[in-house]
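Right, one structure below, let's go through it.
The values are calculated or read from the model by the stated rules, or taken from the named source; none is laboratory data. Fair warning: this is a prediction, and the values are worked out from it, not measured in the lab. Ideal geometry is used to build each Cβ from the backbone, glycine not excepted, and the neighbour counts take in all protein chains shown.
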Amino acid sequence: MDNYPKLMNVEDNLPAPGIEWEINVDRKQASKFGANITSIGNVIKLATNGLKLGEYRPDDSNESIPLYLRYPNEGRTLDRIDNLRVSTSNGLVPISNFVDIVPNNRTGNIIRVNSKNAINIQADVEPGVYPDGKVKELEYVLGITDIAPSWRGRTLNLPRYELDSQVRAELIGENEDQKQAQEFLTKAFGVALFLMLMILLLQFNSFYSAFLILFAVVMSTAGVFIGLIVTAQPFGIVMSGVGVIALAGIVVNNNIILIDTFYFLKTKTSNVREAIIKTGAQRLRPVLLTTTTTVLGLLPMVTMTNIDFVTREVTRGSPDTQWWVQLSTAIVFGLMFATILTLVVTPSALMLKENVVNWYRKKVNS
């Protein structure tokens, strides 16, 4: 990991090497001098972490403050411990008569996950490098997956590390959170589409009209990807995913208004073609107004612009605007793309259905 390209600040939770000083008390020797373990421990605490005397709670606080008694900094050294004296019935006795200080290797905590030893290694990527790409590389290099990552259509030639058969590598942390968020948003989007389908079927009593509206919702995601490519932004699972779900509601409204008007004018006109043309003429302004107002309202978020009407200041690139860039970009570009689908593809699909129905009737009658 230290030598892997484009990784930095590699850390692990392995115990760092060091020395622990162990204080051993010879109880028999201490009893000869009339010293007990409690008094010896209290004296040693004065030279180490301190002897707790009690707690104090100020009048303006709900938390107590512990009070410790210990020697000044110059008195809390390893050499001073040998010079400590314990009060006994025979007077003050140096603890060096019955205490030995022995150096030992420092012992670290053993971390277990599911009853198995675990070592956590964390690292940052260099500026300008997307973490998701490095995660896919490490999954292939460590043998977690057999699918080699690709870049711009070319499969990357990466070495694979042969880990011991008893060692298993797993990527957790942000990668695990990202997968959980992806699964949740995928289920949420699927449930939203299903509920939309049920409501549309109840409203129009037509599978074709319901699937036509949902087709516009699904195809609007193409505009989201186009917008992210144009603005050179990555697809964030959380914010871009929420933007796609929010976009679905706006696209559905525009298509419902268009198709509902078509069915109304279909009964008032002599043919379907005339009904479609009148529908486009009547619904053009409402659809464009919905798109325009939404896009203009989200443009400050897309451009990371803050407008303060009180102080009359305009700032760009503030930290609080970066969080909403992907969500607003997804809605803006997805809505503009979906507007084209609503005004062009949806009327064409309605006319296509009518042509197919007329062709089938002619074929049956002939």
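Assorted remarks:
- Region 230-240, residues that are within 19 Å of T339 (Cβ to Cβ) and part of a helix (DSSP H, G or I): V230
- Yes/no for I40 being part of a loop (DSSP other than H, G, I, E, B) and of a type in the set (A, V, I, L, M): no
- Top-ranked residue of region 112-138 - restricted to ones that are part of a strand (DSSP E or B) and in contact (Cβ under 8 Å) with a residue 40 or more places away in the chain, ranked as nearest to A148 (Cα to Cα): V125
- L163 vs. criteria in contact (Cβ under 8 Å) with a residue 24 or more places away in the chain, over 30 Å from N24 (Cβ atoms), surrounded by 11 or more Cβ atoms within 10 Å (Cβ to Cβ) and not aromatic (F, W, Y): no
- Residue among V224, V191, V217, V167 that is on the phi < 0 side of the Ramachandran plot, at pLDDT 80 or above, assigned to a loop (DSSP other than H, G, I, E, B) and of a type in the set (A, V, I, L, M, F, W, C): V167
- There is no residue in region 186-200 that is in contact (Cβ under 8 Å) with a residue 60 or more places away in the chain, surrounded by 12 or more Cβ atoms within 10 Å (Cβ to Cβ) and not hydroxyl-bearing (S, T, Y).
- Residues being of a type in the set (S, T, N, Q), part of a helix (DSSP H, G or I) and surrounded by 11 or more Cβ atoms within 10 Å (Cβ to Cβ) - total across region 55-100: 2
- Unique match (being in contact (Cβ under 8 Å) with a residue 24 or more places away in the chain and either within 24 Å of the chain's Cα centre (by Cα) or farther than 18 Å from A118 by Cα (or both)) among E183, E176, E170: E170
- Any pair with Cβ under 8 angstrom, 6 or more apart, that starts in region 36-59 at a residue that is closer than 16 Å to I101 by Cα and ends at one that is among the aliphatic types (A, V, I, L, M) and assigned to a helix (DSSP H, G or I): I37/A30; I40/A30; I40/I95; V43/I95; I44/I81; I44/I95; A47/I81
- Within region 296-317, restricting attention to residues that are in contact with a strand residue (DSSP E or B) (Cβ under 9 Å, 6 or more places away or on another chain) and more than 21 Å from S240 (Cβ to Cβ), the residue that is surrounded by the most Cβ atoms within 10 Å (Cβ to Cβ) is N306.
- Number of residues in region 20-35 that are out of contact with any Pro (no Cβ under 8 Å at 6 or more places or on another chain) and either surrounded by 15 or more Cβ atoms within 10 Å (Cβ to Cβ) or aromatic (F, W, Y) (or both): the value is 4.
- The single residue among T315, T231, T292 that is within 30 Å of G133 (Cα to Cα) and among the β-branched types (V, I, T) turns out to be T231.
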